[in-house]
Each structure stands twice: as C-alpha cells, then as structure tokens.
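Peer 1: The following block contains the structure, expressed as structure tokens.
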C-alpha cells in the first residue's frame, strides 16, 4: 500500500490547514527551485507536525544543508548526478537528517550503485524536475531494480501522478503528488481519498499495539472493523472535536463494546483526545477503559454487555432528527434485546437509524454457525421491516457507498468482514476474539501491517 | 382512598406541559396509569410492547438526546427483566431516566407470587447514581413524581397496586432525601416506607411514646434523622412490603450498626402467594398487630 506525500511546489503554504492534512499523511514534500518561494525562512514558517521532505533542486546544496535543517527539514534530497555526492551525504547525515538521492527520468538506475547502501531514500522523478503539472513518465521498471539493489531503501516517486497512475507505481513506498491534489477545489478531500487505506492501516497498528501493551483486549473484531470505523470517522460522520456535545452531530453508538480499540484509535486520530492516551488502554487511572465509558470524549454510551446498544440507538433516533449510526456484531444477534429494538425501530419508522453489523461469522467460543446459527440475516431483517444492504466490510468504497441513505425504514448494513483482517495468523480465527498478542506475535503483526503500509 | 400509581399517573399528566417529558411503557399503559398522558400527548408516548430490556435502552437513548423519560412497568418486569440494562445504560451512563415500578409488594394480591416483586428496593439501592423513593400514599407519589422530574440523574420509585389510606395531605412538604418524623417518642421508633406507614402510625398511637419516621427516600438515606432515632430511642422497628434482606430495613441496620437494636419487619425470605391483598398483609406479618408485638 503506497503512502501519499503532498507536494506544495506551486501553492501558498500559508493558506493550507496543516492540522487537517496531518490526519491523513505523515510527510510533506517541499521543492526548492532557483528563485523559488521556499527559502529556508519560508520553510521555517510552515508550522506542522508533518515531516518536511525537502528536495534541493539548486546548485549550492552544501551551503543550504544547515539552513534547511534549522527550518525543520527531516530529509534532504539532491540529484545523484551532482558533484561530491559522498561529501554531501556525509554533511546531511552530520546535520542529523535523512538522505535522499533524486534520479531524473532519463538517468539509468545503475548510477545509484556506488551510493545505494549509504542513503535512506531514492527520489525517482517521473517528470523533468522543476515545474509542476507535467505528464507522468513511466518509470515503474526502475522501482523493481532499485529494490533489488537495496530492499531497505525507501522509494518515492514524484511527477505527474494521479489516482489512476498509482497502480503503475504500486511497488514504490511513497507517491509525491502536487497538482493532482492542489488544483482541485477541495485539496484536503483529495488527500483523504488517496490516503484512507493508509489511515485504516494505521488504525490496525494502533489496535495491535494497544492490546499488546495492555496484555488483554479483543483484536479479532477490532481489526475486522478498522475499515468501517475509518470510513465513519474520516469520511462520513458529522461531528466537532472542539464541541463534543454539538447538538447537530451524528451519533455513533457502539454496541459490541469489546471492539473499542478500533473506535479509540479513530477518535484519537481525528482529535477527540490526544494520541498519547492510546498507550494507557486498560491501565489503572488512565482514560481509555477496556470497554467504552461515557467520560471519554466522543463516546455516546457505555457498552460491553451485548444486545443493549441498538435499543439505545433507537431511543436516540426516536428523540432526535440527527442521524444515528449503530455498530452491532453478528454474535449479539443471539440476544433477545436486540430483536426487541429491531421491532421497535420498524414500528416507529426510524429512517435516521443506520446500523452496521460486523458479520465476521465468529464469536467467543467458536464460529457463529456452531454456537448459534444465524441463518439468513438479510431475510430476517427484511421481514422485520428494515431495509438491508450487504457489503464487503473491508472495502472502503463499498462501506462509503452503503452509508449514503435516505429512507423511511431503518437500515441494516451487513458488513461481511474478516476478523483479524491484516494479520495473517489472526484472520478468520475465533480464537483471536479476545486474546491479546504477546510481544513476539505483536511484532510479527506489525511487520505485516508495515509491509502493507 | 387512592392508589400510589394514580398519584404517579396524575403527576405525569401535569408534567406533560414540559415538551421534554416523554413516557414509555411495555404494554402496560392502563395499569401504570399512563393512558391520560398518552391521550393528551400522543407523540410523546411510546409503547415498546412486551419488551422491558428494550424499554430501558430506548429510555436511555431518549435521555441522551435531551428528553426526560418516565418509564413504567410492574416491579416484577422492571427491574425484574432488565436489571443489566438499568445497571449499564441508566446507572453507569448516569442517564436522566425516571423509573417507576408499580405493583410492588405483597399488595399485588390475586395475581400471585410471580407478580409480587419483593426484591426491588434491594436491587436498586445498591446501584451507584440511583435515587430510590418509596412514597406512602397518593399525595406523596404525586409530589415524588414532580420531584424526580426536577432531579438530574437516575431515579427509581416504587408503588403498589391497591388503593391505600391517605396519610399525608396536599400541603405536607416533600423533599427527596429528607425523612419525615410523624410522631415523637423515645420508647421505640418505627421506620416505615410505603403504605405500611399507615399501620405503623396506628400501632404507635395505640402504644404511646413511639416515634414514627416516614423513610420515603431509601437512597440517599437521611442519616441524621435515623442516627438521632438510634441514639434517643431504645429500639428501632423497620417495616416494608419487601424482603427483610436487602431492603430499607437492611439499609437502616447498616447505618445504625450496633448503636441500637433493630427489628426488621417485612417478608421473611420467602415468595408471596395469591390472595386478597389485606389478607396477605395479615398472613405475611405487615399489620399494626405485628408491629405492636415487635414493640
């Protein structure tokens, strides 16, 4: 999975809301061209938590290393065809930054060979450097060759990349994108759309880390629902992190509270509370409890005992015209309380109630088919007077599409998910419903997630 | 004579003027006296059918979006069928839900043991954040309902089924948490909750020099008044239409703990049975004769 790195070559950085961009990506690309606007002073003025990845397309690289270091650069890139490459690499390292070598479209990859083990990143240009808005030159064969030279080096591609060209460079680690993002009316929306998969992957990493650190928790369902929660919090729900009780907000009721790590990760990453709270999961005296409680900003209901959430969501939908989203699990369809709420929602025509079921076919002690077979859930909900949509719960586009709803009946979205999604040894296994990965298992899981990035 | 549940129903109707007040029941509207509210404010009345767990969840959801839900059913069904939901969605979430259980106690009569809820005070008073009120007559049930609407947070009120004697008047003050001393005395002290207060007063008047306290609020309990009685009286007798284990008598015993003798009158660790309400009271030891004997 390729990460997106927005490039601010042609635009005015002072007009950008970096706080919003920080939700989706980790780095920003800054091109320094002769007589260009990104002098060290200008770069210093950019206040952001994003890593500054600076490409010095100027003659005097060495004189500019310290000034850009002081401006906050983490990585300095310069062209492999420069003079004194080794000297420059040494100086950049001495200044405490990472080194990237840029290679033009017409330059052969072998030029990198003398330096490939000495650098951190390779910047593969897919246009002729210096000006935005050029057409993409296909350099995908270079990526494979560079990986063979040094599998540890990070490969980033810059130049004329659009969403459709990402496929062509899928083996690269980072795609640097400028005009495709910033020529649009809503650049942050474009960044979001391109990065959502990566965000969901970050959520998965949070889940593994939280549960491993706490030595207890429920990874299976949480990993399976990471895509749904990512879509909800980054791409659908209406809320205000600065006014948590905003009366016009969409409500989200989590009924199967044990998968709360997925929710906590999203709440932290969109800004309801600090990300530093995540490592305190389940710890004495810390905010994030093993199951959600109402003193956590962004949580609407305490949950844990199954079958109760839909009732509460129905009550909210009954008393308010706001949208109410409810997440339930397939296991808790065993509880009678759930069906009482189903009947009530149909009776009172709760069209503002949108429920998403984590249909992962497992529960604590086994597969749902063996413990308590649920048979045809779609038919059941239809007969009870709901509208039903059935989707792949691990497909971001399908999730987003299914949430677009206006109707007089309550909606059930049966999200078919793989429990433990993203971690090969957890996928599909009910044993991982409530088992915490030990340090070795967690490390293996994070490696897999990092590779899929 | 009027029933406690009528006091609730009439007060609920009066509260209907407040647009945030909503009423919910589980197919028991006539019995819990919600019909008048239902007729006058149909868009603010909800019937969930015979589904008490859902009743609680929905009430919690409604309170979360700013409504003041009054939720009513028989004690045997609420908290009987839905304790977890009350514990999690009302008490733990600290939601502003008002639970009114009617048909509590042996007083239920002919319907028999299964419908005679004798354990509800015990169940409800151990929940954090819960206020527990047991009014003694129609007037007090009316005032308690109004008081609950004003209070922020989870509230539980229990009433019986029968029409009972009028003990307080429309002018008798009522404040949640403040016990009422209705008779002075030092020989002994009877603490009563609910309509059995009537028999307590009768017994005290016949014996003389016996203090009588109407402990309408079990939680938060009026520590001062009870400890004063423990200090000044030779013994305390508690009486309630409820198990003697865990109810008001136990709450008083916990508080008094060794400072003075406490005799708990009520249902002694058994279930009820079918029969005429008054006759059952006699059979299970809830009359003035039993109180006099304990004195």
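The values are calculated or read from the model by the stated rules, or taken from the named source; none is laboratory data. Being a predicted model, the structure only gives us computed values, none of them experimental. All Cβ positions, glycine included, derive from the backbone under ideal geometry; neighbour counts span all protein chains shown.
Peer 1: Any residue that is assigned to a strand (DSSP E or B), modelled with pLDDT of 90 or more and in the same structural domain as residue A:79 (by TED's automatic domain parsing) - is there at least one of those in region A:103-117?
Peer 2: yes
Peer 1: Something else: Quick check: anything in region A:305-318 surrounded by fewer than 24 Cβ atoms within 10 Å (Cβ to Cβ) and more than 7 Å from chain B (Cβ to nearest Cβ)?
Peer 2: Yes, region A:305-318 contains at least one residue that is surrounded by fewer than 24 Cβ atoms within 10 Å (Cβ to Cβ) and more than 7 Å from chain B (Cβ to nearest Cβ).
Peer 1: Report, by residue number, each residue of region B:12-31 that is closer than 19 Å to residue B:74 by Cβ, buried (at least 18 other Cβ atoms within 10 Å of the Cβ) and in contact with a helix residue (DSSP H, G or I) (Cβ under 9 Å, 6 or more places away or on another chain).
Peer 2: B:12, B:23, B:24, B:25, B:26, B:29
Peer 1: Further question: Collect the residues in region B:183-201 that are assigned to a strand (DSSP E or B) and more than 18 Å from residue B:241 (Cβ to Cβ), keeping them in residue-number order.
Peer 2: Selection gives B:183, B:188, B:189.
Peer 1: For the structure I just gave you, tell me whether residue A:278 is in contact with a helix residue (DSSP H, G or I) (Cβ under 6 Å, 6 or more places away or on another chain), within 14 Å of chain B (Cβ to nearest Cβ), touching a residue at least 40 places away in the same chain (Cβ under 8 Å) and surrounded by fewer than 24 Cβ atoms within 10 Å (Cβ to Cβ).
Peer 2: It is false that residue A:278 is in contact with a helix residue (DSSP H, G or I) (Cβ under 6 Å, 6 or more places away or on another chain), within 14 Å of chain B (Cβ to nearest Cβ), touching a residue at least 40 places away in the same chain (Cβ under 8 Å) and surrounded by fewer than 24 Cβ atoms within 10 Å (Cβ to Cβ).
Peer 1: Looking for whichever is in contact (Cβ under 8 Å) with a residue 60 or more places away in the chain, more than 16 Å from residue B:178 (Cα to Cα) and in the same structural domain as residue B:11 (by TED's automatic domain parsing) here; the options are B:112, B:153. Which one fits?
Peer 2: After applying the criteria, what remains is B:112.
Peer 1: Determine, yes or no, whether residue B:128 is within 13 Å of another protein chain (Cβ to nearest Cβ), touching a residue at least 24 places away in the same chain (Cβ under 8 Å), more than 25 Å from residue B:180 (Cβ to Cβ) and not in a loop (DSSP other than H, G, I, E, B).
Peer 2: Taking the combined requirement at face value, the residue does not satisfy it.
Peer 1: Going residue by residue through region B:206-213, is there one that turns out to be modelled with pLDDT of 95 or more, more than 19 Å from the chain's Cα centre (by Cα), assigned to a strand (DSSP E or B) and on the phi < 0 side of the Ramachandran plot?
Peer 2: So far as region B:206-213 goes, yes, one or more of its residues are modelled with pLDDT of 95 or more, more than 19 Å from the chain's Cα centre (by Cα), assigned to a strand (DSSP E or B) and on the phi < 0 side of the Ramachandran plot.
Peer 1: Among the residues of region A:11-20, which ones are surrounded by 17 or more Cβ atoms within 10 Å (Cβ to Cβ) and within 15 Å of residue A:185 (Cα to Cα)?
Peer 2: A:11, A:16
Peer 1: For region B:81-94, check the following and say yes or no: at least one residue is away from chain A (no Cβ under 11 Å) and free of Cβ contacts under 8 Å to residues at least 60 places away in the same chain.
Peer 2: There is no residue in region B:81-94 that is away from chain A (no Cβ under 11 Å) and free of Cβ contacts under 8 Å to residues at least 60 places away in the same chain.
Peer 1: Let me confirm something: among A:190, A:203, which residue is out of contact with any strand residue (DSSP E or B) (no Cβ under 9 Å at 6 or more places or on another chain), closer than 30 Å to residue A:263 by Cα and not assigned by TED's automatic domain parsing to the domain that holds residue A:53?
Peer 2: Just one listed residue meets the conditions, A:203.
Peer 1: Right, another one. What single numbered condition from (1) modelled with pLDDT of 95 or more; (2) surrounded by fewer than 18 Cβ atoms within 10 Å (Cβ to Cβ) fails to hold for residue A:124?
Peer 2: Result: residue A:124 passes all but (2).
Peer 1: Among B:81, B:34, which is the only one that is closer than 18 Å to residue B:160 by Cβ and in contact with a helix residue (DSSP H, G or I) (Cβ under 7 Å, 6 or more places away or on another chain)?
Peer 2: That would be B:34, the only listed residue that is closer than 18 Å to residue B:160 by Cβ and in contact with a helix residue (DSSP H, G or I) (Cβ under 7 Å, 6 or more places away or on another chain).
Peer 1: I'm checking my understanding of the structure. Among residues of region B:57-72 that are facing chain A (nearest Cβ under 7 Å) and outside any loop (DSSP other than H, G, I, E, B), which one is surrounded by the fewest Cβ atoms within 10 Å (Cβ to Cβ)?
Peer 2: B:64
Peer 1: Just wondering, is there one or more residues in region B:157-165 that are at pLDDT 95 or above, buried (at least 24 other Cβ atoms within 10 Å of the Cβ) and either part of a helix (DSSP H, G or I) or within 14 Å of another protein chain (Cβ to nearest Cβ) (or both)?
Peer 2: No, because not a single residue in region B:157-165 is at pLDDT 95 or above, buried (at least 24 other Cβ atoms within 10 Å of the Cβ) and either part of a helix (DSSP H, G or I) or within 14 Å of another protein chain (Cβ to nearest Cβ) (or both).
Peer 1: Here's something else I'd like to know. Step by step: first the residues of region B:36-51, then only those that are in a helix (DSSP H, G or I) and within 12 Å of chain A (Cβ to nearest Cβ), then the one that is farthest from the chain's Cα centre (by Cα). Which residue is that?
Peer 2: By that ranking, first place goes to B:43.
Peer 1: While we're on this one: Can you name the number of the only condition in (1) within 14 Å of chain A (Cβ to nearest Cβ); (2) assigned to a loop (DSSP other than H, G, I, E, B) that residue B:54 fails?
Peer 2: Unmet for residue B:54, out of (1) within 14 Å of chain A (Cβ to nearest Cβ); (2) assigned to a loop (DSSP other than H, G, I, E, B): (2).
Peer 1: Among the numbered criteria (1) more than 14 Å from chain A (Cβ to nearest Cβ); (2) surrounded by fewer than 21 Cβ atoms within 10 Å (Cβ to Cβ); (3) in contact with a strand residue (DSSP E or B) (Cβ under 6 Å, 6 or more places away or on another chain), which one does residue B:111 miss?
Peer 2: With (1) more than 14 Å from chain A (Cβ to nearest Cβ); (2) surrounded by fewer than 21 Cβ atoms within 10 Å (Cβ to Cβ); (3) in contact with a strand residue (DSSP E or B) (Cβ under 6 Å, 6 or more places away or on another chain) applied to residue B:111, the lone miss is (3).
Peer 1: Then there is this: Restricting to region B:235-250, what's the tally of residues that are touching a strand residue (DSSP E or B) at 6+ places or on another chain (Cβ under 6 Å), surrounded by fewer than 24 Cβ atoms within 10 Å (Cβ to Cβ) and not in a strand (DSSP E or B)?
Peer 2: 1
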